[in-house]
């Protein structure tokens, strides 16, 4: 194997110390040199104080998940050292400001850089201490300061040349300080490996929100709730430029009903929330099913039950998303594993929602929502907008008067939006006749149930095959879904590199369940392990319900922290 | 020219003598008065006997969930401001289950007309107290008489700065249809609270009870006078005013963002080219 780069930084401190900004700037500076970057943040649910951290992993190969091995810690408080020193690899270094925080003696390599003093000397204020810290870290790993300079210019340029210049001077001071007073040869080096212009850097929520806009979503209504809020804010920030509308609803019940109203009137519409908000939306979900109104709902899961861990991650709502709602109706559920899947599956969600006139759920979680990935630029030209069948002038002769819920062979009734002379559009949450009016007739109910479920049969044909990776004739199968994609893939690779014979099966298009495709992969059920971020193994339940095959072995994580390859390997070895 | 005939449609499932018949007639008359054709009108209703009203006339209709008429109406109006959107439901739907949406529709001043059939009782579930039932009102769920104070929707609406609020009576179709027509023509969120007897379950607030008490506000009353409106909103008991109680000029939700009207979402042709720049936000 040639010299490859795989280095992780951890920046720790209190809420309000600007961790997110430092982390983002450091990550972007590294990405600008053509490196693959993955970042994740670990925040407490508070605005000031506590202990938060931001983790950055960089590599010359694609990285799509966290690792537990840290090479450089930037400690803005002593707690960061206490909590994270054991994660340092051999010869790893902790950078801290010894003039600001007094620390005990530690065995680890400590690099004392006077962040605040240098900031004050260069800019007249201690405010830019964080830029000093980034400069120091960049110097430690032997990376080029010019990338950091250009990122600081971009990020602070809008605040005026003076602010961005002072930040650059501060970062340079940190850089020079470490070059001159460094700790000698640091073994973990980073260098530019290519051009970054073919790449983009974004998180899961941004992938979903941008795909929605590109796919013609014109209306979003939602109620702020972590970790979905950045989807809402991204969409809202585009109102002015693109003529789309974001409306902050009074509650999630209103949000889902608003998008149902907007969709009924003719607009592609979406809402975004977390599990608690989705609980409030469930009645509306059923309304969308009954009135055959296409909507897209993004659920960014966080640990429950109830308020749970508001800022952390879990995959606790798979079964909830699939089974939510009173009564029976077709739906689709997607759970993307990285930003690319988040982007393309969001676009697919809108098409399927409108084509089959159903609700489609995108199941993400805090880990995917807030993690930044570098990835190849998305292929915008591959986005096709398919709004499904419409009732047109030419059909008036054939079909007669417009009937919103016309019984057809496919189960799909051509749509018409209200406000046109072509016909009146009537629908009802009560069981209804073809023309949408309330009825209690038994045979109408049976016909409608069958009609709605005929759409599910067609929908099934649109569900992609699960992703398979690793050894072809494996003796062990690791099964995962959603955001654990990267960790599972790396764990599979490590195991195979170490001589095991492992295959990974990852589901991102989960409902309607790809029964045959999964059954085909489950040739060794007693050697199959379901790997999930929940405490009950919901995918294992689902596999049993849909295929009849029982998966007894599970690797589960439910402490609110993301699954890592190391966690999977530790649990895997325990079972041996 | 649109006529009442254009709005006629089929049989109803209401009890003989129900106040809903008068309201249905008044709604149709009002729509003819303002000269709208059925295809231009979207009615959104919830659940309850009142919410069935749009099924018995010709119009576009979204008959949704109990309490959720206003969010559906709001979403539809935002994406297609050309639609005349009328939400209709009863007092349980509007003032209990949908109470939060009612408050926020007033704040939002979305150009929707809200018709509330207020009979102070739950009819469809067969006789329970509602948010507007009088104190001491005996029902199946309040056998010792209702304890909670009745909600005053008109005073609430004025206090929150509603654009238009009136009270009508289902027994006076001509007066009610004029009031509804005014509400439809008002720019902004308009509430018409409609007093309506429930001939089966409410044996207190009957046609006779109302006829003895109601009086029409005449031209000597100024509905732009907020303090006077508050006083009228408190009048209940021996004398009950009906008519336009309060109105004020307020920027509507649609007017605050002229784009919504000049480039309505429903008419936007989606072109990927226009959105090319979206990914520029993420360039490294």
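The values are calculated or read from the model by the stated rules, or taken from the named source; none is laboratory data. Remember, predicted model here, so these are calculated numbers, not experimental data. Neighbour counts run over all protein chains shown; Cβ positions are idealised from the backbone, glycine included.
Matching residues to (1) more than 20 Å from residue B:3 (Cβ to Cβ); (2) assigned to a strand (DSSP E or B); (3) facing chain A (nearest Cβ under 8 Å); (4) modelled with pLDDT of 95 or more:
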| position | (1), (2), (3), (4) |
| --- | --- |
| B:27 | no, no, no, yes |
| B:35 | no, no, no, yes |
| B:39 | no, no, yes, yes |
| B:43 | no, yes, no, yes |
| B:55 | yes, no, yes, yes |
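Could you tell me whether residue A:546 is in contact with a helix residue (DSSP H, G or I) (Cβ under 8 Å, 6 or more places away or on another chain), assigned to a loop (DSSP other than H, G, I, E, B) and assigned by TED's automatic domain parsing to the domain that holds residue A:503? Criteria not met by residue A:546.
Checking each residue in the range B:172-189 for being in contact with a strand residue (DSSP E or B) (Cβ under 8 Å, 6 or more places away or on another chain) and part of a loop (DSSP other than H, G, I, E, B) picks out B:172, B:186, B:188, B:189. For the range B:88-104, which residues satisfy the criterion of being crowded, with 24+ Cβ neighbours inside 10 Å and either more than 21 Å from residue B:27 (Cα to Cα) or at pLDDT below 95 (or both)? Residues satisfying the conditions are B:98, B:101.
When A:254, A:228 are checked against the criterion of being crowded, with 17+ Cβ neighbours inside 10 Å and either over 27 Å from residue A:341 (Cα atoms) or at pLDDT below 95 (or both), a single residue qualifies: A:254.
Is it true that residue B:78 is under 19 Å from residue A:288 (Cβ atoms) and at the interface with chain A (Cβ under 7 Å from one of its Cβ atoms)? Yes, satisfied. Every listed requirement among (1) over 25 Å from residue B:100 (Cβ atoms); (2) within 12 Å of another protein chain (Cβ to nearest Cβ); (3) part of a loop (DSSP other than H, G, I, E, B) is met by residue A:347 save one, (3).
Taken over the range A:237-255, the criterion of being under 7 Å from residue A:221 (Cα atoms) and facing chain B (nearest Cβ under 8 Å) is satisfied by A:247, A:249, A:255. Screening residue B:162 against (1) in a helix (DSSP H, G or I); (2) touching a strand residue (DSSP E or B) at 6+ places or on another chain (Cβ under 9 Å); (3) within 23 Å of residue B:99 (Cβ to Cβ) leaves a single unmet condition, (1). Residues in the range B:134-159 that are within 30 Å of residue B:250 (Cβ to Cβ) and assigned to a loop (DSSP other than H, G, I, E, B): B:149, B:150, B:151, B:152. Per the conditions (1) within 14 Å of another protein chain (Cβ to nearest Cβ); (2) over 25 Å from residue A:332 (Cβ atoms), the sole criterion not satisfied by residue A:442 is (1). Looking across the range B:110-133, the residues that are within 25 Å of residue B:26 (Cβ to Cβ), in a loop (DSSP other than H, G, I, E, B) and in contact (Cβ under 8 Å) with a residue 60 or more places away in the chain come down to B:110, B:111, B:119, B:120, B:123, B:124.
Answer with yes or no whether residue A:388 is on the phi > 0 side of the Ramachandran plot, assigned to a loop (DSSP other than H, G, I, E, B) and at pLDDT 95 or above. For residue A:388, the condition - on the phi > 0 side of the Ramachandran plot, assigned to a loop (DSSP other than H, G, I, E, B) and at pLDDT 95 or above - is met.
Scan the range B:259-284 for residues that are assigned to a helix (DSSP H, G or I), at the interface with chain A (Cβ under 7 Å from one of its Cβ atoms), at pLDDT 90 or above and over 40 Å from the mean Cα position of the chain (by Cα) and the total you get is 3.
For the range A:194-236, filtered to residues that are assigned to a loop (DSSP other than H, G, I, E, B) and without any contact (Cβ under 8 Å) to a residue 40 or more places away in the chain, the residue that is nearest to the other protein chains (Cβ to nearest Cβ) is A:197. Test residue B:85 against the stated conditions and say whether it is farther than 22 Å from residue B:18 by Cα, buried (at least 24 other Cβ atoms within 10 Å of the Cβ) and more than 7 Å from chain A (Cβ to nearest Cβ). Here the answer is yes, as residue B:85 does meet what is asked. Scanning the range B:247-258 for residues that are in contact with a helix residue (DSSP H, G or I) (Cβ under 6 Å, 6 or more places away or on another chain) and at the interface with chain A (Cβ under 10 Å from one of its Cβ atoms) returns a single hit, B:253. Restricting attention to the range A:360-384, the residues that are within 14 Å of another protein chain (Cβ to nearest Cβ) and touching a strand residue (DSSP E or B) at 6+ places or on another chain (Cβ under 8 Å) add up to 8. Which count do you get for residues in the range A:405-429 that are more than 7 Å from chain B (Cβ to nearest Cβ), farther than 14 Å from residue A:265 by Cα and touching a residue at least 40 places away in the same chain (Cβ under 8 Å)? Residues in the range A:405-429 being more than 7 Å from chain B (Cβ to nearest Cβ), farther than 14 Å from residue A:265 by Cα and touching a residue at least 40 places away in the same chain (Cβ under 8 Å): 8 in total.
Restricted to the range B:216-239, and to residues there that are free of Cβ contacts under 8 Å to residues at least 12 places away in the same chain and assigned to a helix (DSSP H, G or I), the residue that is surrounded by the fewest Cβ atoms within 10 Å (Cβ to Cβ) is B:227. Answer with yes or no whether residue B:100 is at positive phi and within 14 Å of chain A (Cβ to nearest Cβ). For residue B:100, the condition - at positive phi and within 14 Å of chain A (Cβ to nearest Cβ) - is not met.
Right, residue B:242: touching a residue at least 40 places away in the same chain (Cβ under 8 Å), within 14 Å of another protein chain (Cβ to nearest Cβ) and either under 26 Å from residue A:237 (Cα atoms) or not in a loop (DSSP other than H, G, I, E, B) (or both) or not? Judged against the criteria, residue B:242 is not a match.
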